[in-house]
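These notes concern the structure reproduced below.
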Amino acid sequence: MRKTILWACAFLAVFAAVESRVNAKDARDVLADMVHAMGAANLKTIQYSATGTYFWLGQGYRSSDPWPKFTLRNYTRTLDYENGAYEEKFAWTESPADFANQQRGGGLTPLKGEGMGQDNFLSGDYAWNLGPNGNAVPQPAALAAERRVRLAITPYGWIQAAMKANPMMKSQTVSGRKMTVLSFTLEGKYKVNGYIDSQNLLDKVETWIPQPILGDMLVEITYSDYKDFSGVKLPTRIVQKEGGFPVLDLTVTTASPNPAVAIKVPDAAKVAPAPLSVATQPLGDGVWILRAGTQSLAVEFKDYVAIIDGAGNEARSLGVIAETRKLVPNKPIRYVINTHHHLDHSGGLRTFVAEGATIVTAAENKPYFEKIFRLPHNLDPDELARNPRPARFATVNEMYVLSDGNQSIELYRLHDDKYPDHWNSHAPDMLIAYLPRQKILAEADFYNPAAPVPANVPVATINLIGNKEDLAQNLQRLKLDVQRIVPMHYNNGAVPYEQLQTEIQIEREQLAQFEKDANSRIAGR
Ligand SMILES: [Zn+2]
């Protein structure tokens, strides 16, 4: 009996070894068939342009909403597989229909005119963007790693990466279609799955990249409508989802295989980005502005400190916490006030939870945060992932007050139902913070002080983020005596209340001028 079992074990071991060799060979066969079907054998570079839609990640109106959408004015991507480099250039604005329909959400809506643009680059270990002045802005090594993943999930980048790896293979039926799925790990870290259809074309890829609050975030790209461009088959429909919703929906209009490409790393991009620094500005009576790209406030109470806005990511929060400890050495950070759910204002919250702070947020955000705080953070484990603890919440409906009888923070929800002409298009959970003793208002995203546009300069983009008028009307409704405003998206301290009124007037004039100026109406093209 014992002998029989040993024989069976030996047989199974040999069988398993043969099976895995067959599988490894099969995976290479599949890849060889793909190279043939997709014309990738001699492909070194490719450039394509597209029309379509861009969606701003993490800026949905409600926490459950898809990301707000913008019409691409142009999109061009140049991929250099030989040198592990790419450039991606695109610009977008809100479509006139979305503007007229008062699309809601963040990401700089409402937006009218030429809109916004982004130029992103990768070359090996370097990532950089082009700033508004045309200068290269170096990006951190973590973003270079993310862009290498993004290069490896383009169709030919995926084949190249899969050929270098030793992929696992399985068959899977997806929506009634039989697919071959090849899976491998990129750079020893990122799991990548590719779905290959019966025509040996790459149908879908999925991978996971680290996101400060969403954790290991699924990136999923479907490739379809393959067309021949000089012997190379390129998908002409590319739909990319991140965090569960589309971020790009492209229809490729032109493509050229093997153009001459020279993506040179600018000297400025070889310099490591400056590490985060937190600058402190006292506002008096136990209140400080903490400037770290965007602004937070530290407010000292009798027994504790409250932080207004847990923006950014863990690094920023660690900087804010360290600076707060210097300012107020003997009191715990008991509260962090979340202005709203958008990723740029909630990305640092987990660090405060790890610190033991209670999150003060709109009531409807509690189940949302509880849900996303449970998402895995294996790719880039943060303090809370290493030492998990449940988050504590204090929830806000219409208003909420933190007070020790001397120091106070009053939180109010911004709303718009009384003002049909001016909608809170940004986020229904938006809270503003008023410090009655200092007559200071802290607000996110409704008023970002702007450099004044000189008179008689044509205005190419009207960006009504903020809905400054809505903010001003809410302040009137609440009868708040605001003397200074601390905008979270500003890195220069507080501004006098009068500046808000001045900018509302300027914006009204600009909007009227913009409407009159037919030459500036690029949005309608
Ligand atoms: Zn926002």
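Couple of notes before you dig in:
- Scanning region 341-371 for residues that are surrounded by fewer than 21 Cβ atoms within 10 Å (Cβ to Cβ) and within 16 Å of the ligand (Cβ to nearest atom) gives 364, 368.
- Scan region 184-210 for residues that are among the small types (Gly, Ala, Ser) and in a loop (DSSP other than H, G, I, E, B) and the total you get is 2.
- When restricted to residues that are in a strand (DSSP E or B) and open to solvent by 40 Å² or more (accessible area, probe 1.4 Å), region 211-225 contains 5.
- Of the residues making up region 157-181, those that are open to solvent by 10 Å² or more (accessible area, probe 1.4 Å) and part of a helix (DSSP H, G or I) number 4.
- Strands (runs of 3 or more DSSP E) within region 45-155 that include 3 or more residues more than 16 Å from the ligand (Cβ to nearest atom) and open to solvent by less than 30 Å² (accessible area, probe 1.4 Å): 45-55, 69-80, 85-93, 116-123
Results for (1) among the β-branched types (Val, Ile, Thr); (2) touching a residue at least 24 places away in the same chain (Cβ under 8 Å), shown as yes or no for each residue.
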site	(1), (2)
304	no, yes
307	yes, yes
330	no, no
333	yes, yes
340	no, yes
350	no, yes
354	no, yes
377	no, yes
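- Matching residues, region 476-489, being open to solvent by 50 Å² or more (accessible area, probe 1.4 Å) and at pLDDT below 95: 476, 477, 489
- Filtered residue count, region 235-266, keeping only those that are open to solvent by 60 Å² or more (accessible area, probe 1.4 Å) and at positive phi: 1
- If you go through region 490-508 and pick out every residue that is touching a Leu at 6+ places or on another chain (Cβ under 9 Å), under 14 Å from residue 443 (Cβ atoms) and open to solvent by 20 Å² or more (accessible area, probe 1.4 Å), you end up with 2.
- From 319, 310, 293, residue being of a type in the set (Gly, Ala, Ser) and open to solvent by 30 Å² or more (accessible area, probe 1.4 Å): 293
- On the stretch given as region 269-314, residues that are within 26 Å of the chain's Cα centre (by Cα) and of a type in the set (Ser, Thr, Tyr) total 3.
- So residue 338, is it within 16 Å of the ligand (Cβ to nearest atom) and not assigned by TED's automatic domain parsing to the domain that holds residue 125: yes
- Any hit, region 158-177, residues being within 23 Å of residue 49 (Cβ to Cβ) and not aromatic (Phe, Trp, Tyr): yes
- For region 279-333, residues that are part of a helix (DSSP H, G or I), over 19 Å from residue 348 (Cα atoms) and among the hydroxyl-bearing types (Ser, Thr, Tyr) total 0.
- Top-ranked residue in region 164-207 [being without any contact (Cβ under 8 Å) to a residue 12 or more places away in the chain and of a type outside the set (D, E, K, R); ranked as nearest to residue 84 (Cα to Cα)]: 188
Okay, residues lined up against (1) at pLDDT below 90; (2) within 16 Å of the ligand (Cβ to nearest atom); (3) farther than 22 Å from residue 396 by Cα; (4) among the β-branched types (Val, Ile, Thr):
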| residue | (1), (2), (3), (4) |
| --- | --- |
| 417 | yes, no, no, no |
| 422 | yes, no, yes, no |
| 426 | yes, yes, no, no |
| 431 | no, yes, no, no |
| 435 | no, no, no, no |
| 442 | no, yes, no, no |
| 446 | no, yes, no, no |
| 454 | yes, no, yes, no |
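- Scanning region 182-204 for residues that are surrounded by fewer than 17 Cβ atoms within 10 Å (Cβ to Cβ) and either closer than 14 Å to residue 216 by Cβ or of a type in the set (Val, Ile, Thr) (or both) gives 185, 189, 191.
The values are calculated or read from the model by the stated rules, or taken from the named source; none is laboratory data. Nothing here was measured: the structure is a model prediction, and the numbers come from that model. Cβ coordinates were reconstructed from backbone atoms using ideal geometry, including for glycine residues, and neighbour counts include every protein chain displayed. Surface areas here come from the heavy atoms of the whole protein model, side chains and all, with no ligands, DNA or RNA. Shrake-Rupley method; radii C 1.70, N 1.55, O 1.52, S 1.80 Å.
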